[in-house]
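The values are calculated or read from the model by the stated rules, or taken from the named source; none is laboratory data. Everything quoted here is computed from the prediction, not taken from an experiment. Ideal geometry is used to build each Cβ from the backbone, glycine not excepted, and the neighbour counts take in all protein chains shown. These area figures cover heavy atoms from the full protein model, side chains too; ligands, DNA and RNA do not enter into them. Shrake-Rupley method; radii C 1.70, N 1.55, O 1.52, S 1.80 Å.
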Amino acid sequence: MSRIKRLGPFLLLGPISGPLVAGVVFNLREGRPVLASLYAMALAEFTFLLPVVTAHLGLQLVS
């Protein structure tokens, strides 16, 4: 039950971005900044770059 309480707030963020945010937070708390930065880069790519690339490819198909 404690695992659900610990991961619950992160799962509210979404099924993909939640575990990535949890990876950033837990690795920063445990003193692994390099691994936390890799999780943060993956989160940024998923959050910002994926919609931009999808929109760009969609606009190329329309025109």
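Does Leu7 qualify as being part of a helix (DSSP H, G or I) and either in contact with a Lys or Arg (Cβ under 8 Å, 6 or more places away or on another chain) or at pLDDT 90 or above (or both)?
Taking the combined requirement at face value, the residue does not satisfy it.
Applying the selection to the range 10-32, what residues are out of contact with any Phe, Trp or Tyr (no Cβ under 8 Å at 6 or more places or on another chain) and open to solvent by 80 Å² or more (accessible area, probe 1.4 Å)?
Within the range 10-32, Leu11, Leu12, Leu13, Pro15, Leu28, Arg29, Glu30, Arg32 qualify.
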